1. Can you tell me which residue among Gln594, Gln609 is outside the structural domain of Glu303 (by TED's automatic domain parsing), at pLDDT below 75 and farther than 26 Å from Leu238 by Cβ?
2. Just to be sure, is Leu191 on the phi < 0 side of the Ramachandran plot and in a helix (DSSP H, G or I)?
3. Out of Glu402, Glu370, Glu387, which single residue is part of a helix (DSSP H, G or I) and not assigned by TED's automatic domain parsing to the domain that holds Ile454?
4. I'd like the full set of residues that are in a helix (DSSP H, G or I) and either outside the structural domain of Lys534 (by TED's automatic domain parsing) or crowded, with 20+ Cβ neighbours inside 10 Å (or both), limited to segment 266-298.
5. Which of (1) of a type in the set (Ser, Thr, Tyr); (2) surrounded by fewer than 14 Cβ atoms within 10 Å (Cβ to Cβ); (3) closer than 20 Å to Pro426 by Cα; (4) under 48 Å from the mean Cα position of the chain (by Cα) does Ser373 not meet, given it meets every other one?
6. For the subset of segment 427-446 comprising residues that are over 23 Å from Leu325 (Cα atoms) and of a type in the set (Asp, Glu), which member is surrounded by the fewest Cβ atoms within 10 Å (Cβ to Cβ)?
7. What is the one condition in (1) hydrophobic (A, V, I, L, M, F, W, C); (2) surrounded by fewer than 20 Cβ atoms within 10 Å (Cβ to Cβ); (3) farther than 25 Å from Thr506 by Cβ that Ile407 does not satisfy?
8. Looking at segment 567-589, which of the residues that are in contact with a helix residue (DSSP H, G or I) (Cβ under 6 Å, 6 or more places away or on another chain) and crowded, with 20+ Cβ neighbours inside 10 Å is farthest from Leu248 (Cα to Cα)?
Amino acid sequence: MGLFSSNKKTTSPSSFIGGAKNLPVLPEEAYSWATMELSDNIAPSAIEITPKSIHIGDKIVRTFFVISYPRYLNDNWFTPIINLDKIFDVAIYITPIETSELLKQFQKKIAEVESQIMVRQQKGLVRDPMLDTAYQDLEELRDNLTQAQEKMFSVGLYISIYGENDTDLFRAESEIRSILESKLIYLKPTLFQQEDGFKSVSPLGKDTISVTQKLNSEPLSSLFPFVSFDLTSETGILYGVNRHNSSLVIFDRFSLENYNSIIFAKSGAGKSYATKLEIIRTLMFDTDVIVIDPEREYEYLAEAVGGRYFNISLSSDHHINPFDLPKPREDEAPADVLRSNIINLVGLFRIMLGGLTPEEDSIIDRAITETYSLKDISADSDFTSIEPPLLSDFEMVLGGMEGSESILQRLSKYTKGSWSNFINQPTNVDINKKFVVFSVRDMEDDLKPAAMYIVTHFIWNAIRKELKKRLLVVDEAWWMMKSDDTASFLYSIAKRGRKYFLGLCTITQDVGDFMKSPYGVPIVTNSSIQILLKQSPSTIDVLQKTFNLTDEEKYLLLESGVGEGIFFAGLKHVAIKIIASYTEDQIITSDPSQVLSIKRAKQEFRESQGAL
């Protein structure tokens, strides 16, 4: 056992001042005496070396070496060790062995094994399977070496494990031992050689204990240490931190085959937080963002970034006329635009009226066409400058059609009743900002699916007008999955959005309702990015089946904290933790206590400004 200290005996200026010679001290000399060397800064306060471990400052470290390998090594057998959430260092020393010299030893070893087999045969003993297997392995390896298909290496694998105390160190050691021993790989501590072992693992490139095993190329390749997967690209935004190796998960959704994403998480797991963080960072890269907000969570964010916020409700001053027609693009015919809008309107009325019979569906289709004709809008006309009809015009046309009594009765609440202010108004919404939010929180629950359908259709028409990079966020998308018409429209956006440089971000906490819809799985498969955050036990089995999760990934999602989960990008995926800066956190947080604190601070600031 040895004890070392980094404290050094120094000569200070005070030892000269007042001494026998009382020599004067120059400022340069005083400064040089007062400075510390680099070694003083990086060295621990003390190092104590014991037979079993080394105490470095307030840490304990113990070094181990691999003493035995099994006959076969599986690919990535070292991956569980590399990705452990422990503090440890690993050193791998690989030294090539000259093949010609090795073949001489092989010839001698093969002769010895063959001789033992023959002796047993002459004595009439039962064949020894171990000797037979050894002979076959030696023969096969010798042939591979002779044909230059394999090479031999002397390999030393050393691991230094750190702990806060003996108990912490023992737990880490037990976990690493159990993982390796389950693969028939055995460790031993460097007893009475802890100093040499620690030096061997240090980044000095010098193996001072030389405990090596001979491995050929194939098993050696399974030891490749850099197996933690990274999702880091040169372009894109920061989504979070890789929980395995602390690398940054940087990705550009617009570099994939489609630009869609989907987020599944239980309530309070951080799905809206992660989405708002992505929005802030996406806005920095010249991308327009549009949000359908069912819970009024994005209002403060819209205010902070200078965007627009529209509250869609029965008493709101913001109106959207579903009969609006988009301006045809250069590659589109007016007839196709009109026909597409008529089909979408039939779907809207199916939602508003609680379903339609085949006869009612046909009546409404004809009534919509005649309603547009009242305004001189037809497949052959230029309707770009014509004022579109309103719902009351549609009602008037229906009144003159046979068999429309039931439809009129159900439609009246939208034109004359308490809900008449909802859609029977000209459009007065303009989305000419980089960040736009449509809130439907204050809309009646019965009207929310219809409201989200109208808003989504309005956004889609605006997107078709001009080709530019956009991101459409649909929060709490399970509202739209309640109806086949709204779900179908959302799916059509997911499929067609790429042509218009649009990425669709779908967010939901109700995984069951979402996946029960016939359009749930197609929307997931048409999303190149999938983010799974903390899940509840009641939904995890559905997600495991949908995403082909392993049992380890399933338990990871069940045990994840807020803002933690798995990030899928194409065929690649990593465990992720969402991290925001302080400023970002203050803008995007939805924690009630933080929101209340921010509101109080803003109120106090306004009052202080008023007092001035």
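1. Just one listed residue meets the conditions, Gln609.
2. For Leu191, the condition - on the phi < 0 side of the Ramachandran plot and in a helix (DSSP H, G or I) - is not met.
3. Glu370
4. Lys271, Ser272, Tyr273, Ala274, Thr275, Lys276, Leu277, Glu278, Ile279, Ile280, Thr282
5. Failing condition for Ser373: (4).
6. Asp445
7. Looking at each condition in turn, Ile407 falls short on (2).
8. Among them, the one singled out is Ile588.
The values are calculated or read from the model by the stated rules, or taken from the named source; none is laboratory data. In this text the structure is predicted, and so the values were computed from the model without any measurement. Don't worry about glycine lacking a Cβ; one is built from the backbone with ideal geometry, like all the others, and counts go over all protein chains shown.
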